[in-house]
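To keep things clear, I will list the structure first and then write my remarks on it.
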Amino acid sequence: MAIPSILVEEKTTEYTVEDVVCPFCGCCCDDLIVTVRDSRIVDVRNACALGASKFLHMNEGRLLKPKIGRFDTAKEVSVDEAIETVANLLKDSSYPLFYGWACTSCESILLGLDLADLLGGAIDNTSIICHGPTVLAGQELGLIAATLGQVKNRADLIVYWGCNPLEAHPRHLARYSVSARGRFIDGRRDRKVVVVDVRRTATARMADLFVEVKPGYDYELLSALKMLVKDLDLEVDEVGGVPVSEIEKLADMMVEARFGALFFGTGLTMSRGRDKNVEAAIELVRCLNFKTKFVLIPMRGHFNVTGANEVFTWRTGYPLSVDFSQGYPRYLPGETTAVDILRRGECDLFFVVASDPISHLPRRILEHLGNIPVVALDPKITPTVYLSDVAIPVAYTGIEVEGTAYRMDTVPLRLKKIVEPPQGILSDVEILGMILEKLRG
Ligand code: SF4
C-alpha cells in the first residue's frame with residue numbers, strides 16, 4: 001500500500017496592536033493600529049507616510065552586530081566584547097561627551113545622565129540644534145502653553161510660524177489643529193488658519209492668510225504685531241517685507257479670536273534672533289492674553305526630544321548642555337553646549353545615543369572626532385555608526401521595546417512593544433545599564 005504523503009500546513013501567527021504611539025515626530029500620534037504577521041509588521045493604520053514608513057521599513061539598513069573599528073576596517077564582535085571595550089574607553093576618558101537622546105525613551109536618557117554624572121563628563125541633547133532657543137526663552141519669560149487636546153477642542157485661530165507641518169508633522173493639522181473636530185469647534189469651517197513663513201510652503205497654500213516675511217525679520221514682525229495689539233501705531237509702510245495693512249489684518253484676526261494657538265518651528269528658533277525671536281513671540285502672546293485667550297506651542301521634531309529636555313531637568317535642574325566636570329551639574333549654554341565642547345576640542349570621547357550628529361552638526365565642529373574615540377548606540381547604520389570606533393545595535397524604542405516619551409506639548413505617553421527585536425539585539429536601556437554596571441563594579 002502506498003504511504004500517503006503528509007501535508008504539513010504552516011501556521012501563520014497574526015495579531016493586531018491598537019492605540020500604538022508613533023515613535024517618529026513630536027506629534028506622538030497615539031491611535032495607530034499595527035498588524036504583525038509572522039513576527040513582521042505588515043500593516044500600519046492611521047499613521048502618516050512618515051510614521052508608517054518607520055514601522056514598515058525598520059529592518060532596512062539595520063545594524064545587526066556590534067562592531068569595533070572605523071569605516072571598512074570594522075570587525076564584528078560580540079555584545080559582551082563591545083560593552084567591555086566601551087567600558088574601558090570610558091574608564092580611560094577624563095571628559096566624555098554624551099550626545100543625542102531625541103529618539104529613545106526617558107528611561108534610557110536617565111541612564112545617560114547617570115553615566116555623565118559618574119564620569120564627570122558632559123551631556124547634551126539634540127534640542128541644541130532645534131528648540132534650544134525655545135527652552136532659553138521659556139526660562140526667561142515662561143511659556144503660555146496648552147495641551148494639543150485644548151487646541152483641538154477650543155482653538156478657532158491657528159497660526160503656524162516658521163514651520164511646515166504638512167510635510168514635517170503631517171497629522172498635526174488633522175488630529176490636533178486645522179481640521180480636527182473638537183468639543184467646541186467643528187473642524188476646518190470653524191477655524192481660521194494663518195501661516196507666517198519665508199516662502200509659500202505646502203501648509204501656506206491651505207491657509208486663509210499667508211504672510212511672507214523676509215528671512216531674518218521675524219523679530220521685527222513679531223514686535224510690530226505686539227505694538228498693534230497694544231493699540232500703538234506703526235509709522236512705517238512695511239516691516240520685514242510685509243505691508244502694514246497685512247500686519248494689521250493679522251493683528252485683528254488674533255485679537256478677534258476666542259482662542260488662538262501659535263505653533264512655531266525652527267524657522268523662528270534657528271533664524272537670526274533665535275531665543276530673542278521666541279521671546280518676542282511669548283511677549284506677543286502675553287499681550288494678546290489681555291484681550292483674548294492665546295497660547296503658544298513649539299513644533300518639536302523627534303518623538304522624544306521634549307522628553308530629553310524634561311528628563312535632563314528632573315535629574316539636574318537644567319534642560320540641556322549639562323556639565324558634571326566639577327562634581328555637580330553646571331549649565332552654561334554657549335559654553336557647555338555639545339557644539340562648543342567639540343569646537344574647542346575639549347572632550348576626549350564622544351558617545352552618541354539615538355542620533356546621527358555626523359549628518360547634522362557642522363563639519364568644522366566634527367573635525368575633532370578624528371582625534372578621539374566615538375561610540376554609537378543605534379538600531380541602524382548611519383554615517384555616525386560608520387565613523388564610530390565602537391557601535392552597538394539596539395532595539396527600536398516604541399516598536400521593539402517599550403518606554404516613555406513626551407509629546408511636543410509635554411504630555412507623557414507610554415510607547416509600546418509591538419514585535420521582538422532581531423535575535424541578540426538588546427534595548428539601549430539594557431546596554432547602558434550593563435556599561436554602568438561595569439563602571440561601578
Ligand atoms: S504625524 Fe508624526 S507622530 Fe503622527 S503618524 Fe505622522 S510621523 Fe507619526
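Every number here is computed from the coordinates shown, using simple stated rules; none is lab data. Here the structure is a predicted model, which is why all the values come from computation and not from measurement. A quick note on method: Cβ atoms are made from the backbone with ideal geometry, for glycine too, and the neighbour counts reach across all protein chains shown.
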Any idea what log10 I(q)/I(0) is at q = 0.14, 0.27, 0.33 Å⁻¹ for the stretch 14-56, Debye with uniform C-alpha scatterers and no solvent?
-0.26, -0.91, -1.22
Semi-axes of the stretch 1-146 from the Cα gyration tensor (sqrt of 5 times each eigenvalue, largest first, whole Å) come to 40, 29, 13
If one compares the long axis through the Cα atoms of helix 106-119 with the longest principal axis of the Cα atoms of the chain, the angle in degrees, nearest 10, works out at 70
One finds, for R414 and K249 with R0 = 56 angstrom and r their Cβ-Cβ distance, a FRET efficiency to the nearest 0.05 of 0.80
If you fit an axis through the alpha-carbon atoms of helix 428-440 and take the longest principal axis of the Cα set of the chain, what angle between them do you get, 0 to 90°, nearest 10?
70
Using a simple charge model, +1 on the beta-carbon of Lys and Arg, -1 on the beta-carbon of Asp and Glu, nothing else, what dipole does the chain show about its Cα centre, in debye to the nearest 20?
800
Within a Gaussian network of the chain (alpha carbon springs, distance under 10 Å), most fluctuating of T404, T337, T13
T13
Starting from the Cα-Cα distance between F184 and D31, subtract it from 0.36 nm times their residue separation and give me the gain in nm to one decimal.
52.9 nm
Using a Förster radius of 35 Å, what is the FRET efficiency between W314 and D43 based on their Cβ-Cβ separation? Nearest 0.05, please.
0.40
Treating the angle as unsigned and between 0 and 90°, give the value, to the nearest 10°, between the Cα long axis of helix 244-256 and the longest Cα principal axis of the chain.
80
In the chain, once you exclude exposed chymotrypsin sites (Phe, Trp or Tyr not before Pro) (DSSP loop, at most 12 other Cβ within 10 angstrom), what's the longest stretch remaining?
1-183
Enter the per residue convex hull volume of the stretch 132-298, computed from alpha-carbon coordinates, in Å³ rounded to the nearest integer.
98
Could you give me the ³J(HN,Hα) list for the stretch 40-48, computed from phi with Karplus coefficients 6.51, -1.76, 1.60 and θ = phi - 60°, whole Hz, x at Gly and Pro?
10, 6, 10, 8, 9, 9, 6, 7, 7
Compute the Rg/Rh shape ratio of the chain: radius of gyration over Kirkwood radius, all on alpha-carbon atoms.
1.03
So which residue, out of N125, N304, N153, gets the largest mean-square fluctuation from a GNM of the chain using Cα contacts under 10 Å as springs?
N153
Would you grab the residues whose amide H sits under 5 Å from the one on L97? Only those 5+ places off in sequence or on another chain, please, with H modelled 1.01 Å from N.
A122, D348, L349, F350, F351
Bridge orientation stat for the chain from DSSP, antiparallel percent rounded to 5, came to 40
Under a Cβ-only charge scheme (Lys and Arg +1, Asp and Glu -1), can you give me the dipole magnitude of the stretch 118-267 about the Cα centre, in debye to the nearest 20?
1040
